[in-house]
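Before any comments, here is the structure.
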Amino acid sequence: MTQITLHHITKSYDGQNAALHDINLTIADGETVSVVGPSGCGKSTLLKIVAGLEFPEQGQIFYNGHDVTEIKPQARGVGMVFQDYALYPTRRGEGNLAYFFEVHQRSAAEEQARIKATADLMGVDFAWLLGRTPDTLSGGQQQRVAIARCIVRDPNLFLMDEPIVNLDAKLRERTRMEIKKLLRQFAITTLYVTHDQQEAIFMGDRIAVMRRGRIEQIGTFDELYYTPANLFVATFIGAPPISVLPATLENGQLTLANTTWPLPAELGDRLPVGAVRVGVRPEGWRLDAPTGAALTVRHIERIPTQQAAFIHGTLAGSAVTALAPLDYPTVHTLAVAPLWENALFFAAEGEAILHTPGTPDLF
Amino acid sequence: MAAITVKQLTKRYGDKLAVDHIDFALREGEFLAMVGPSGCGKTTSLRMIAGLEPVTAGEIRFGERLVNDIRPRARNVAMVFQDYAVFPHLTVFENIAYGLRARGAPRSVIAERVPAAAKTFQIDPLLGRKPRQLSGGERQRVALARAYVRDAEVYLYDEPLSNLDAQLRHAAREDILALHQQKGRPSLYVTHDQSEAMALGDRIAVMRAGRIEQLDTGSALYERPYNLFVAQFIGTPGINLFDVRLRVEGEQIWADATVFRLRLPDEVQIKVRAQVGQTVKLGIRPEDFHVPKRAPFPVSDENTVHGIVSVIEPAATGCAAYLSTVREPSQDFAATFKLRLPATYLGKEIPLAVDTRRVHLFDPATEQSLLTR
C-alpha cells in the first residue's frame, strides 16, 4: 500500500544541463505508471532517484507522505527488475528467492511460507523454475524468477527498467502479458521504464512521456493520443506516426496544397486565421474523397496480421501515412481529405497545439 | 532462372546442426525475409550466403555460379548489420565510400555517388561527422547508404532494425524498401520480428531448429499455415489455441472446448470427418472474433464465445483486447477489433462472435494442419 509522490525533483550531473528538470509526479497506490521517451530523456535517472540509487539536487520524494529523499535504498522496500535479470548465477531459482531472508536473518519458517505463497501466485509451472540454475533457463524464465524474487520480499514499490528488452519479439509479447497480470494480481505500485511506446501503453495505467529531463505529459493513452499537450507528444505517441502538414486558414476555409476545404463552423471559429499546421493520424484520412487532395503513393504496406494496409506517400511535399483496407488496390495516386472531427491543429512554428479532437464517442 | 539458389545447405557446429539441409530460391528483384526465434539458424544461413561462414554441405549459387568457395569480397554482396558496423575513425563520407574505394572505384564515381546516397537517406548534412556524433538511427542510415552506393549482386540484411526505437523503426523500414526498389536486386533479410518480416518480405521463410517450416507470401502464411509452429509464430497477438473434442450432433460436427462450443462450417467439416471423436487443437485468430452487432456473418449461440475483458491495448487499426473465458477452466485469449473498445468494458463480460469459416485445426500429435496441404 504505497503512494509515491515526486515533488519538484531536479538533478544535473554536470551542474549545468539538467538531467531532470522540475519533475512532479504522483503514482497512486497499486497504479502502474510507465515512463517512455527517447534515449537520454532522463527516464532511467528518474527511476534511480525513486529507488534511492541517485539523489536529487532539489525536491523531495514521498512514500505515503513520508519524506524518503535522504533514506537509503535498502530501507525503502523497493523491488527492482532490470533488463539483464541480475540473478545470482550459482543459486537455483529457490536460492534466488531465499537470498533476502538469509541476508536479513529471517526465520526459515517465514522464508518457506513466503516462497510457497509467491510460487503459488506465479502460476502452475513456476515450481519447476525454482529447481533450476539461471544458465539453464530462457530469458523469459529468468525474468520470471527475477520478478518472483521481488515479490517474495513484499515490496512497497516495483521499479522496472526495460525488463523485457532483451527477449525476442515473440517471447516479449508473452512475457509482457505475464508481467501485466502479476502487477494486476499483486496491485503493487509500479514505475515501468521503457523506450518502446507500445510497451509503455500496454503496461501503464498512465504513461509519462519524457524529453530532455522533463515530463511533457502524463495521462492515459486516450489522453495522450486524442489530447496531446504539444507537437512532440502528438508525434511520439502513435505508430505509424501522425502526419503534419502546413496549411492556411481563411474565411472558415482551409487550404492545403492546392486544395481548399470548408471547415465545420465550430472548428473554423475556434482557429486563428493564417498559417497553421494540420495533424492527421493514419486512421484520420478519408480515402478516395470527392474533394480530395492528391496523395502520391510511395508504397502500400499490407499487413495481413492486422487485416489492414498503410499507404505511405507524399502530399504537397509532406510525408503522409493513411490507413486503408487490406485489399486496397495498388495505385500511384489517390484523393484524400482529412476527417475534420479527428484532425489536430498546431501553430505554424514551434510545438504549440491549437486544437485537439478529444476522445471520440463510439457508442 | 533464380537469382540465388540454395540447395541442401547445411551448417554443423560439432554435433549441433545449426542449419539442416535447407532449400530455397530467390527470384530476381525479390525481397525474401527469414524469420524465426533466436537460434533457429537464420543468421547462420545469411552468413553462409555472404561467405562469412564456411558451408558444411550443400550448394549456394548466384545465377549459375557456384559460390561456396568464393571469398566474401569476390561474391559482390552488400550487407547491413544489426550493430551498423560503421568504422568509428572514419567520417560519414568515408564510411559510405568505403566499399567503393575497397573495390577500386574511380574518384569521380565516389564524388558523385556518396553525396547522392547521403541525400537519399537524409544524412547529407552529416557527411563530415564521425559516428560517435550520430544517433543510432543516423548510424543505421549511414550503413544503408553504404549498401546503396554499391552495385552489388545481392543485398543481405542481418536484423538491421533491432537496435532502433519503435518510432525510428517505421521510418527505417521505408528506407530499406526504398533501397530495395532502387536497386531491384535480390535481397535477403533476417529478423526475429514477424511483423517486420510481414511488412518487408515479398515472401517469408519461417525457420525453426535449422529447418524452413514454410516459405510463402505473408498472407498465405497467415491464412494457411502448414503447422502449429507457423500458425503461432506469425501474427501478433498470436493465434488463440483451444483443445477441442470434435463431436457429431444433429449430423453436424462441433468443436467442443467445454468452456464454449462452435459448429464448424460445412467446408471445414468435410476435412475433419476422420478426426470425429478425437481431441484436436482449434486455432482462432484474434481478428476473427467480432463484436456481434458488427459481425459480417449471422450470429447465434452456435458461434458465440463469452469472455471477461482484462486488458485493452489501443492500436492504430483499432485495439486488442485480452480476455479470459467465462467458465472454468478459464483460459486467456486475445481479440482485435477495428474500433477502440472503451475502457468502461474492463472487467466486464462480453459476447464475441467467431468467424468459423476462418478457424484452424491441428493434429495435436504431428502438429500438422488438418485444413491445409
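Every number here is computed from the coordinates shown, using simple stated rules; none is lab data. What you see is a predicted model; the values in this text were computed from it and never measured. Cβ sites come from the backbone with ideal geometry, for glycine too, and all protein chains shown count toward neighbours.
Calculate, axis by axis, the spread of Cα positions in segment B:40-129 along the three principal axes, and write the results as whole Å, longest axis first.
Over segment B:40-129, Cα extents along the principal axes are 46, 30, 23 Å.
Taking a point 7 angstrom from the Cα of B:Gln8 along the C-beta vector, which residues in segment B:43-64 have backbone N less than 17 Å away?
Backbone N within reach: B:55-61.
Under a 10 Å cutoff between Cα atoms, tell me which one of A:Lys72, A:Lys48, A:Lys170 has the largest fluctuation in the Gaussian network model of chain A.
Judging by the Gaussian network model, the answer is A:Lys170.
Given segment A:210-281, report the % of alpha carbon pairs whose separation exceeds 20 Å.
43 percent
Between segment B:68-116 and segment A:301-320, what is the C-alpha centre distance in whole Å?
32 Å
Given the options A:Gln307, A:Gln141, A:Gln217, state which has the largest fluctuation in a GNM of chain A using a 10 Å cut-off (strictly under) for Cα springs.
A:Gln307
Count the lysine pairs in chain A that are 8 or more places apart or on different chains: how many have C-alpha atoms under 25 angstrom apart?
Going through chain A pair by pair, I get 13.
Count, for each residue of B:310-321, the Cβ atoms from other chains sitting within 10 Å of its Cβ, then give me the mean as a whole number.
Values: counts 4, 7, 2, 8, 10, 7, 13, 9, 5, 1, 2, 0.
Partner Cβ neighbours, averaged per residue: 6.
Arranged from highest to lowest average of other beta-carbon atoms within 10 Å per residue, in what order do the peptides B:37-49, A:22-34, B:101-113 appear?
Details: B:37-49: 21.5, A:22-34: 18.0, B:101-113: 11.8.
Peptide ranking by packing, descending: B:37-49, A:22-34, B:101-113.
Taking H placed 1.01 Å from N in the peptide plane, check which residues at least 5 places from B:Val80 or on another chain put their amide H under 5 Å from its amide H.
B:Leu156, B:Tyr157, B:Asp158
Whole-Å semi-axes of chain B's equivalent ellipsoid, largest first, each the root of 5 times a Cα gyration tensor eigenvalue?
The answer is 46, 26, 15 Å, longest axis first.
Would you kindly work out the equivalent ellipsoid of segment A:240-355 from its C-alpha gyration tensor and give its semi-axes, the square roots of five times the eigenvalues, largest first in whole Å?
Values for segment A:240-355, descending: 26, 14, 12 Å.
Compute the Rg/Rh shape ratio of segment B:240-362: radius of gyration over Kirkwood radius, all on alpha-carbon atoms.
Result: Rg/Rh = 0.98.
How do A:Tyr99, A:Tyr225 line up, fewest other C-beta atoms within 10 Å first?
Listing A:Tyr99, A:Tyr225 from fewest to most nearby Cβ atoms yields A:Tyr99, A:Tyr225.
Taking 7 Å along the Cα-to-C-beta vector as the label spot, tell me the A:Val273-B:Asp23 distance in nanometres, rounded to one decimal.
7.4 nm
Pairs of lysine in segment B:270-373 with Cα under 21 Å and at least 8 positions apart or on different chains: total? Write out the running numbers ahead of the final one.
On the way: B:Lys271/B:Lys281; B:Lys293/B:Lys338; B:Lys293/B:Lys348; B:Lys338/B:Lys348.
Taking the Cα cut-off of 21 Å, the pair count is 4.
Return A:Tyr88, B:Tyr222, A:Tyr328, B:Tyr157 ranked ascending by Cβ neighbour count within 10 Å, so the fewest neighbours appear first. All intermediate terms of the calculation are to be shown ahead of the outcome.
Numbers: A:Tyr88 12, B:Tyr222 22, A:Tyr328 18, B:Tyr157 27.
The most exposed by this proxy come first: A:Tyr88, A:Tyr328, B:Tyr222, B:Tyr157.
Dipole of chain B, Cα-centred, from +1 at each Lys and Arg C-beta and -1 at each Asp and Glu C-beta, to the nearest 20 debye?
It works out to roughly 1200 debye.
Kindly provide log₁₀ I(q)/I(0) values, in the same order as q = 0.15, 0.24, 0.31 Å⁻¹, from the Debye equation applied to equal alpha-carbon scatterers of segment A:11-69.
Each listed q maps to, in turn, -0.47, -1.16, -1.55.
Of the candidates B:Pro186, B:Pro160, B:Pro88, which one comes out as most mobile in a Gaussian network treatment of chain B with C-alpha springs shorter than 10 Å?
The residue with the greatest mean-square fluctuation here is B:Pro88.
Give the residue list of GluC sites (Glu not before Pro) in segment B:244-282 that are DSSP loop and have at most 11 other beta-carbon atoms within 10 angstrom.
B:Glu251
What order do you get for B:Tyr345, B:Tyr322, A:Tyr13 when you list them from fewest to most C-beta neighbours inside 10 Å?
Least crowded to most crowded, the residues run A:Tyr13, B:Tyr345, B:Tyr322.
Based on alpha-carbon atoms only, what is the radius of gyration of chain A relative to the globular estimate 2.2 N^0.38 Å?
1.19
Take the alpha-carbon centre of segment A:149-214, take the same for segment B:297-312, and report the distance between them in whole Å.
Segment A:149-214 and segment B:297-312 have Cα centres separated by 29 Å.
Using alpha-carbon positions, what is the distance between the centroids of segment A:218-255 and segment B:190-238, in Å?
Using only Cα atoms to place each centre, the spacing works out to 35 Å.
Taking the protein assembly as shown, how much of its Cα-Cα pair set, in percent, is spaced more than 33 angstrom apart?
Percent of Cα pairs beyond 33 Å in the protein assembly as shown: 58.
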